[in-house]
Amino acid sequence: MRFENTTADVWLPIPADEIDDLPEAGASGLNYRFWDGGPEFPADPARCAFYVVPYMKGSEIAVRPLAAMTSLRAVQTLSAGIDHVTPGIGSLPPGVDVCNAKGVHEASTAELTLALILASLRGIPGFVRGQDAEEWRAGFYPALADRSVLIVGYGSIGAAIEDRLAPFECARVARVARSARTTARGPVHALTELPGLLPDADVVVLSTPLTPATRHLADAGFLGRMKDGALLVNVARGPVVDTTALLKEVESGRITAALDVTDPEPLPAGHPLWHAPGVLISPHVGGSTSAFMPRAKRLVAGQLRRFAAGEGLANVLLTTT
């Protein structure tokens with residue numbers, strides 16, 4: 001895609017000189033503009049052809065320039081989900097590819113998922129509190145071995161989670177996605193089969209995108225079908241879980257939860273989730289690790305090489321009409 005007799009802007013939340021293997025500015029017909037969500041735009045949004053959304057800056061910042069980006073051809077998020085840009089998609093011109101960051105977050109998010117499961121089952125938060133209080137909290141604690149795990153949302157992150165579960169000798173791993181299919185590891189069940197799968201799971205992992213169909217997926221009915229003593233792990237998006245329904249279940253002591261994402265988020269001081277029994281909270285850091293930046297830069301460079309060459313982009317989740 002050479003821009004003859006003119007140039008097009010690319011908005012990047014990472015300085016261009018920090019990204020290896022980008023198409024050469026000018027010669028490729030592309031000008032690189034740095035914008036990480038600050039109050040001032042780096043240039044006229046109408047000249048932007050490729051917009052890389054600032055990472056973890058929220059929906060308001062993500063969509064702020066979209067309505068004015070009348071020459072836009074592609075939106076690239078640096079997150080696995082695109083829910084933070086969907087409020088602005090209706091303002092885009094037709095033919096804009098909206099791409100996610102598949103390949104960037106799988107390893108880190110799967111690592112944290114296993115950490116949350118193991119910490120919750122083995123009682124690590126209690127051990128930390130015991131150390132602070134100089135208390136020796138011996139006893140028997142649940143293991144992941146011989147447990148049944150249900151992964152709800154079996155995309156690339158869900159598959160990466162199962163990869164890391166493999167050495168832990170789980171009794172069974174069941175998989176659920178929007179629609180049924182078969183994988184090398186076994187069947188993937190449709191969301192409609194969840195009611196029959198939940199009662200058998202010791203650990204339920206949510207790794208599904210946030211869509212209208214998955215908002216409050218884990219509602220009172222969902223949580224009520226989980227077996228007594230089961231653990232809910234949410235590494236998806238906070239609103240996938242109905243917070244009021246979850247609080248009722250954990251406060252009763254019937255189930256426990258490990259949450260990397262919450263609703264609301266950030267979780268405000270004084271919110272009952274902070275001190276709810278059996279709840280472990282991490283501050284939405286599934287993808288925010290040392291692995292993020294090198295992978296994000298490789299993704300952006302690869303996408304822009306394809307864009308400049310007029311090739312189809314990777315990770316296209318939708319194209320505007």
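The values are calculated or read from the model by the stated rules, or taken from the named source; none is laboratory data. From a predicted model like this one, the values you see are computed outputs, not experimental measurements. Glycine gets a Cβ as well: all are built from the backbone with ideal geometry, and neighbour counts include every protein chain shown.
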Taking interchain pairs and intrachain pairs at least six residues apart, which have beta carbon atoms under 8 angstrom, with the first residue in the range 44-71 and in the same structural domain as G90 (by TED's automatic domain parsing) and surrounded by 17 or more Cβ atoms within 10 Å (Cβ to Cβ) and the second of a type in the set (V, I, T) and in a helix (DSSP H, G or I)?
V52/V300; P54/I61; L66/I89
Could you tell me whether the range 164-174 includes any residue that is within 19 Å of T208 (Cβ to Cβ), assigned to a loop (DSSP other than H, G, I, E, B) and under 24 Å from the mean Cα position of the chain (by Cα)?
no
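Kindly evaluate E162 against the criterion of being buried (at least 19 other Cβ atoms within 10 Å of the Cβ) and either in contact with a Phe, Trp or Tyr (Cβ under 6 Å, 6 or more places away or on another chain) or over 14 Å from A236 (Cβ atoms) (or both). Walk me through it before giving the result.
On the way: buried (at least 19 other Cβ atoms within 10 Å of the Cβ): yes; either in contact with a Phe, Trp or Tyr (Cβ under 6 Å, 6 or more places away or on another chain) or over 14 Å from A236 (Cβ atoms) (or both): yes.
For E162, the condition - buried (at least 19 other Cβ atoms within 10 Å of the Cβ) and either in contact with a Phe, Trp or Tyr (Cβ under 6 Å, 6 or more places away or on another chain) or over 14 Å from A236 (Cβ atoms) (or both) - is met.
In the range 227-278, how many are in a strand (DSSP E or B) and of a type in the set (A, V, I, L, M, F, W, C)?
Looking only at the range 227-278, we keep the residues that are in a strand (DSSP E or B), and these are 231-234, 241, 256-259.
Now drop any that are not of a type in the set (A, V, I, L, M, F, W, C), which leaves 231-233, 241, 257-259.
Adding up the residues that qualify gives 7.
Does H189 qualify as being outside any loop (DSSP other than H, G, I, E, B), touching a strand residue (DSSP E or B) at 6+ places or on another chain (Cβ under 8 Å) and closer than 16 Å to A177 by Cα?
On the way: outside any loop (DSSP other than H, G, I, E, B): yes; touching a strand residue (DSSP E or B) at 6+ places or on another chain (Cβ under 8 Å): yes; closer than 16 Å to A177 by Cα: yes.
The answer is yes for H189.
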